[in-house]
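Reading through the structure tokens given below for one structure.
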Amino acid sequence: MNRNYIFLTILMLVLATGTLFVNKTIKLKQVEPQQLLMEIVQPTRYVNTDLVAKMIIQNDPSLELIDVRSANEFGKFSLTNAINIPLDSLINESSLDYFGIPGTKVVFISNDDIEADQAWVLTKRLGFNSIYVMKGGLNRWMETIIQPQKPSDDSPLTAFETYEFRNGARLYFTGAKIDNEETGKVKVVVRRKKKSAAASGGC
Amino acid sequence: MKILPKDTFLILCVFGLDSFITRKIQKMHVHELNPWRTLIALSVFIVILIVGFLTMHKPLLKYEVDMKQSMEELKKPDACFSPVELNEFLNKKNQNVVLFDIRDNFTFGQGHIPGAENISANELTQEKNIKRLEDLKENGTTVVLYGEDQLQANGPWMLFRQVGFDNVKILLGGYQYYIQHKDNLADKTESDFKKGVPRYNFAEIASRNNNTQVNSETAAKKSVVVRRKKKAVAAAGGC
Amino acid sequence: MGPLIPNGFIPGDWNFVIAILLGIAFGFILEASGFSSSRNITGVFYGYNFVVLRVFFTAVIVAMVGLLYFDYFGWIDLAKIFILPTYLGPMLVGSVIMGLGFILGGFCPGTSFTAIAIGKIDGLVFTVGLYLGIFIFAESFPLFADFYNSGNMGNVTLTDVTGIAAPWFALAFTFIALAAFWGTMFIEKRVRKNIKEYKF
Amino acid sequence: MNVQNSTNNQPKYLNPYFGGVLLGLLVLLTVYITGRGLGASGAVKSAVVTTTETFAPDHARDNAYESKFVSDDHSPMYNWLVFESLGIFFGGLLSGLLFGRVKKFRTEHSPKITSKTRLIVALIGGVLFGIGSQFGRGCTSGAALSGSATFAFGGVLVMLTIFGSAYAFAYFFRKLWI
């Protein structure tokens with residue numbers, strides 16, 4: 001009788017000791033590297049400036065613009081309702097609250113698209129979804145929305161349609177700037193994620 | 001540690017009880033004698049764990065640097081491969097370098113940097129390519145990734161740095177920059193291929209109230225004039 | 001991939017069906033181990049029957065060790081499971097009251113349900129007492145509402161409080177439990193020598 | 001089994017370690033499926049809230065404690081723990097039938113005390129346990145067992161304190177049990 005109990009005791013001890021070896025490193029909740037690489041090589045994360053402009057004009061409540069430039073640059077110019085999170089402070093606890101809010105699309109903005117893309121990769125590694133990068137960044141924003149180029153006469157019809165839209169958008173973002181400034185300033189909606197989606201329970 | 005006083009108390013309690021309980025001898029219960037079913041149950045548990053060990057998929061790649069470090073990786077100047085360095089490589093001055101073209105096969109066929117190998121972005125996750133990178137890392141060979149533009153190679157480059165391939169670098173400016181300036185790569189300076197700097201004075205352009213009348217042609221001209229005016233701003237990102 | 005329901009692998013509609021099935025298994029194990037008898041349960045405090053200690057500690061160490069392995073295999077996301085919130089003062093006071101109730105009543109809520117199932121009136125009376133107790137608590141809640149909410153430490157684990165990694169706790173608990181099993185085996189034999197008739 | 005059947009005066013229980021391993025695996029399964037542990041006292045709490053709400057709906061809403069569990073959508077009985085506790089009852093019944101322990105209503109007590117004493121004491125014990133379980137955020141199954149198994153600080157705290165204090169009180173109530 002005692003032999004079996006001794007065997008059981010040893011078995012349980014071995015099992016418990018085994019846990020020490022399997023959980024050596026503290027794991028963070030992250031996307032597996034291979035999965036991340038698969039997501040990286042797909043260009044689906046890029047949105048063009050026209051789409052962003054349209055969403056801003058339509059006051060799309062799901063749009064959340066994250067500007068990863070420095071606070072200094074952000075202070076000089078920013079898009080309507082954009083939130084400034086400099087790339088250096090992106091992975092801070094307080095900054096990460098802006099991501100993963102259900103029903104929002106986060107769009108990263110920088111001068112070009114490189115820094116925004118870097119922010120995207122870092123955020124994606126942490127497992128956040130619905131995040132995008134504005135292709136071309138603010139440089140292209142200026143080239144397309146604020147100073148649109150008239151397409152040449154032999155361009156397809158869609159090019160003219162885009163041009164017309166951009167002209168309208170330019171009026172909205174520059175001509176209507178004065179009106180917009182007040183509403184824009186007041187309406188800094190700070191949305192933050194509610195903590196912990198863990199299962200509730202208790203006795 | 002909390003158990004200890006409890007147990008001593010228990011033993012005291014038991015010995016104290018002896019004086020209260022003075023009855024006959026009774027042995028253990030039958031059901032406590034033989035734990036063979038316990039053994040079976042625990043074995044089932046162990047089988048589950050073994051199944052877990054066997055079915056657990058071993059990742060091909062593992063993060064070697066945490067978030068903070070990967071942030072700092074971005075700023076390291078030696079993580080980037082400038083067109084000037086590329087020029088040296090092309091002029092046979094630096095041979096310990098392998099160029100990987102991550103554009104697709106078709107685009108690669110239309111034109112590429114001389115000496116580059118083609119591994120398209122979709123193939124990067126393949127095991128043989130990862131093995132190749134590991135071999136190159138052991139040889140101390142620098143691997144330079146480039147895509148159509150710098151953006152295309154940015155993601156793969158960041159990931160490879162994060163999983164510990166610190167020999168992987170990114171070609172600044174990408175293929176487009178190379179093809180535009182391939183004859184005078186050596187005399188270009190950092191400001192030419194540096195990304196991440198504003199090319200316009202955003203605030204000025206965007207707030208002009210009278211520019212509704214501005215002809216788009218002149219505006220476009222103007223943008224050429226404003227170009228590279230803002231060199232002074234130190235870009236936050238290293239490359 | 002786990003936990004299944006919070007991660008959406010099983011639709012929430014199944015929640016209550018699963019609750020009943022898990023409850024049946026729970027009730028079965030409790031009854032079959034002898035927890036439907038109050039004299040079996042309280043034996044642990046007088047040294048003549050350590051069934052509570054054995055079942056309870058075996059369950060705790062198996063579950064602890066299992067959770068760690070499951071986490072390692074990626075089957076359970078430990079960040080998503082419910083961690084009991086800690087309210088230091090109220091919990092200590094509540095546990096002392098529960099300890100007193102335990103030694104008087106001879107049941108805990110779960111075991112009293114199984115005792116009713118096999119026809120024990122004391123189990124039924126205990127459950128009525130539970131009901132009254134919670135009723136009294138709810139009615140007089142304003143008197144100690146502040147105390148009830150004091151000492152909130154949030155949903156903390158042992159690792160959060162002490163900074164020691166979870167496997168060490170699993171190992172420590174296993175050591176303590178196994179030592180207790182062997183120790184109590186001898187205590188039980190010694191105490192039972194003096195009991196004339198033992199068949200609860 | 002045949003070993004157990006051969007002796008009629010022996011209780012037909014599972015080997016406690018066998019029960020323990022099964023219970024541990026059950027806790028694992030519960031956490032794996034639902035992300036939470038087992039529990040029992042929550043069901044009684046739901047019952048209390050339901051009765052107050054049925055007989056004095058306004059009172060239930062005014063009560064600072066009960067109002068937390070009252071909702072307009074559904075009855076407080078529509079709760080995970082209530083269903084689980086129903087399961088505990090039927091599981092106990094199943095096991096009792098299987099091992100032949102379901103008999104007519106009876107009270108189990110030490111030969112030194114009467115049934116009446118036992119019932120009164122059980123009632124007091126129940127009341128105390130009820131009050132304590134609300135302060136402790138759970139009972140032995142919810143807080144102590146599931147809490148400890150998930151490495152919750154509170155769970156281990158409750159477990160050690162319940163057993164510790166029960167040991168401390170045990171000496172004074174020994175007449176009730178032995």
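With +1 on the Cβ of every Lys and Arg and -1 on the Cβ of every Asp and Glu, and nothing else charged, how large is the dipole of chain D about its Cα centre, in debye rounded to the nearest 20? Don't jump to the answer; show the numbers that get you there.
Values: 15 positive and 8 negative charges, 216 e Å.
Around 1040 debye, computed over chain D.
Can you give me the distance in nm between label points at D:Ala64 and B:Glu204, each placed 7 Å from the Cα along the Cα-to-Cβ direction?
For the pair D:Ala64/B:Glu204, the computed spacing is 6.4 nm.
Ranking request for peptides D:30-37, A:46-53: highest mean number of other beta-carbon atoms within 10 Å first, then the rest in descending order. Can you show the working numbers first?
Values: D:30-37: 24.6, A:46-53: 18.5.
The peptides rank, most packed first, as D:30-37, A:46-53.
What does the highest-first list of D:13-23, D:43-53, B:151-161 look like by mean Cβ count within 10 Å?
D:13-23, B:151-161, D:43-53
Where nothing but the Cβ of Lys and Arg (+1) and of Asp and Glu (-1) is charged, how large is the charge dipole of the stretch B:67-193 around its Cα centre, in debye to the nearest 20?
Numbers: 14 positive and 20 negative charges, 33 e Å.
It comes to approximately 160 debye.
By the gyration tensor of its Cα atoms, with a ≥ b ≥ c the square roots of the eigenvalues, what is the shape of the stretch C:33-191: rounded for a/c under 1.5, prolate for a/b over b/c, or oblate?
Working: a/c = 1.85, a/b = 1.08, b/c = 1.70.
Judged from the Cα gyration tensor, the stretch C:33-191 comes out oblate (a/c at least 1.5, b/c at or above a/b).
Enter the mean number of other protein chain beta carbons within 10 Å of the beta carbon of each residue in B:151-162, as an integer.
6
Check each of the trypsin sites (Lys or Arg not before Pro) in the stretch B:36-85 and keep only those in coil by DSSP with at most 13 other C-beta atoms within 10 angstrom; list them in order. Can you show the working numbers first?
Working: sites: B:Arg37, B:Lys62, B:Lys68, B:Lys75; in loops: B:Lys62.
For trypsin sites (Lys or Arg not before Pro) across the stretch B:36-85 that sit outside H, G, I, E and B with at most 13 neighbouring Cβ atoms in 10 Å, the list reads B:Lys62.
Positive end of the dipole of the stretch C:12-192, charges at C-beta (+1 Lys, Arg; -1 Asp, Glu), about the Cα centre: which of C:Met153, C:Tyr46, C:Ile83 has its Cα farthest in that direction?
After comparing all options, I get C:Tyr46.
Among the helices of chain C (complete DSSP H runs), which have Cα atoms covering no less than 18 Å along the helix axis and a Kyte-Doolittle mean of at least 1.6?
Values: long enough: C:15-32 (25 Å, 2.20); C:51-73 (32 Å, 2.00); C:88-105 (25 Å, 1.93); C:121-139 (27 Å, 1.75); C:166-192 (38 Å, 0.96).
The answer, listed by residue number, is C:15-32, C:51-73, C:88-105, C:121-139.
Shape of the stretch D:81-178 from its Cα gyration tensor (a ≥ b ≥ c, root eigenvalues): rounded if a/c is under 1.5, otherwise prolate when a/b > b/c, or oblate?
On the way: a/c = 2.10, a/b = 1.17, b/c = 1.80.
Since a/c reaches 1.5 but b/c is at least a/b, the shape of the stretch D:81-178 is classed as oblate.
Counting only other chains, and only Cβ atoms inside 10 Å, what mean value do you get across the residues of C:160-169?
Details: counts 3, 5, 1, 0, 0, 6, 6, 9, 4, 5.
Per-residue shielding by partner chains comes out at 4.
So which of B:Lys92/B:Lys128; C:Lys193/D:Lys12; A:Lys105/B:Lys128; D:Lys116/D:Lys175; A:Lys124/B:Lys182; B:Lys68/B:Lys92 end up more than 26 Å apart, counting from Cα to Cα? All intermediate terms of the calculation are to be shown ahead of the outcome.
Details: B:Lys92/B:Lys128 28 Å; C:Lys193/D:Lys12 21 Å; A:Lys105/B:Lys128 36 Å; D:Lys116/D:Lys175 14 Å; A:Lys124/B:Lys182 35 Å; B:Lys68/B:Lys92 37 Å.
Cα-Cα > 26 Å for B:Lys92/B:Lys128; A:Lys105/B:Lys128; A:Lys124/B:Lys182; B:Lys68/B:Lys92; rest within.
Based on DSSP H assignment, which helices of chain D show an axial Cα extent of at least 24 Å together with a mean Kyte-Doolittle hydropathy greater than or equal to 1.0?
Values: long enough: D:16-34 (26 Å, 1.89); D:80-98 (27 Å, 1.70); D:115-135 (30 Å, 1.19); D:153-170 (25 Å, 1.79).
Both cut-offs are met by D:16-34, D:80-98, D:115-135, D:153-170.
Rounded to the nearest 0.05, what FRET efficiency is calculated for B:Trp36 and C:Lys193 with R0 set to 35 Å and r the Cβ-Cβ distance?
Values: r = 27 Å, r/R0 = 0.76.
Rounded to the nearest 0.05, the efficiency is 0.85.
Could you give the nm distance between label points at A:Ile6 and A:Asn92, where each point is 7 Å from its Cα heading toward the beta carbon?
6.2
Which shape class, rounded, prolate or oblate, goes with the stretch A:33-141 when its Cα gyration tensor gives a ≥ b ≥ c as root eigenvalues, a/c under 1.5 marks rounded, and past that a/b bigger than b/c marks prolate? Mind showing how you got there, number by number?
Values: a/c = 1.37, a/b = 1.23, b/c = 1.11.
Rounded, since a/c falls under 1.5.
Just want to confirm a number: the relative contact order over the stretch B:67-193, from Cα pairs under 8 angstrom separated by 6+ residues, in percent. It would help to have the intermediate numbers written out before the result.
Numbers: 169 pairs, mean separation 39.1, N = 127.
Relative contact order, the stretch B:67-193: 31 percent.
Please list, in order, the residues from the stretch C:65-85 whose amide nitrogen is less than 16 Å from a point placed 7 Å along the Cα→Cβ vector of D:Asp73.
Those under the cut-off are none; the list is empty.
Since every read-out is calculated from the coordinates, none of them should be taken as a lab result. Owing to the predicted nature of the structure, the values given are computational and were not obtained by experimental measurement. Methodologically, a virtual Cβ is constructed for each residue, glycine included, from the backbone with ideal geometry; neighbour enumeration extends over all protein chains shown.
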